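The values are calculated or read from the model by the stated rules, or taken from the named source; none is laboratory data. All figures in this text were calculated on a predicted structure; none of them were measured in a lab. So basically every Cβ, Gly included, is an ideal-geometry build from the backbone, and we count neighbours across all protein chains shown. Just the protein is used for accessible areas: all its heavy atoms, side chains included, with ligands, DNA and RNA removed. Shrake-Rupley method; radii C 1.70, N 1.55, O 1.52, S 1.80 Å.
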Amino acid sequence: MESQAARAESFKSLHARPGIFAIPNPWDAGSAKMLAALGFEALATTSAGFAYSIGRPDGEGAISRAETLANARAIAEATSLPVSADLENGFGDEPETCADTILLAAAVGLVGGSIEDATGRADDPIYPHALSVERVKAAVKAARSLPFPFVLTARAENLIHGRPDLPDTIRRLVAFADAGADVLYAPGLKTTEDIEAVVRAVAPKPVNVVMGLSGPSFSLDALAALGVKRVSLGSSLARAAYGAFLHAAREVREKGTFDFARGIVSYAELNRMFQG
């Protein structure tokens, strides 16, 4: 296993080198090992995928900070790859809580993490601009206090919380970049024009885009041409896995047949992935 400092340097270098890279989202140690076996260079956790794996719906407050960090530790310990975590809103409103969450994330082996500006409250879903910036500043300060480069991603969540306000989203991302965030991320960007606008606004800071969700799908090559640095997959791999499970189980329950077993991954192939 590489040291945490070596993983951190590796993760930092992925963002500094030319070109784009995909960072898939495992939800447990097994899915992390499978992704590592396929040759991916870094991993990111998924709050939704983890929630589903322990029988809960996704949503702010569904999973505690301690549970999130325990899952992240299991994923980080499963492979030698650098791991970044979905740290939601930092598990609290106050900037100091965001800072504490970053330090706790580092303590379980993570070398990156994201803080979002979503409150988790349906009646007031997005933190005010000023508070959002202070929260990112506190997270950045905590990250910079560590003895290795912890990659801090700042997320602007307007577009997935019923606020289709791209100009405000960009203002927030620019402010987060100015506050020291290493990577900028606005889930919910739908067009190449919007993606390119975000990339231009925060340049030269790297931008993360999520693919595999509903809406348009762009290839890595197409996103690279827009200037995107990193592409995450959110809960899509977890939902693909659970979708295959449901398809098979429904066939047995509803039809009494077992055709799903034709062409599924073999026992031997999975065993090989989990060796070593």
Out of the residues in the range 12-52 meeting the condition of being in a helix (DSSP H, G or I) and closer than 19 Å to A224 by Cβ, tell me which one is least open to solvent (accessible area, probe 1.4 Å). L14
Output the residue which, of all residues in the range 161-190 that are in contact with a helix residue (DSSP H, G or I) (Cβ under 6 Å, 6 or more places away or on another chain) and assigned to a loop (DSSP other than H, G, I, E, B), is farthest from P149 (Cα to Cα). D165
Take I170 and tell me if it is of a type in the set (V, I, T) and over 18 Å from the mean Cα position of the chain (by Cα). yes
Check the range 114-126 and report whether any residue there is open to solvent by 20 Å² or more (accessible area, probe 1.4 Å) and among the aliphatic types (A, V, I, L, M). yes
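Rundown of residues vs (1) charged (D, E, K, R); (2) open to solvent by 10 Å² or more (accessible area, probe 1.4 Å); (3) at pLDDT below 95, yes/no style:
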site	(1), (2), (3)
P95	no, yes, no
D100	yes, yes, no
L104	no, yes, no
G112	no, no, no
F150	no, no, no
L159	no, yes, no
P164	no, yes, no
V174	no, yes, no
V183	no, no, no
Scan the range 250-272 and report the pairs whose first residue is of a type in the set (D, E) and whose second residue is exposed (fewer than 10 other Cβ atoms within 10 Å of the Cβ), with Cβ atoms within less than 6 Å and a gap of 6+ or a chain change. E251/T257
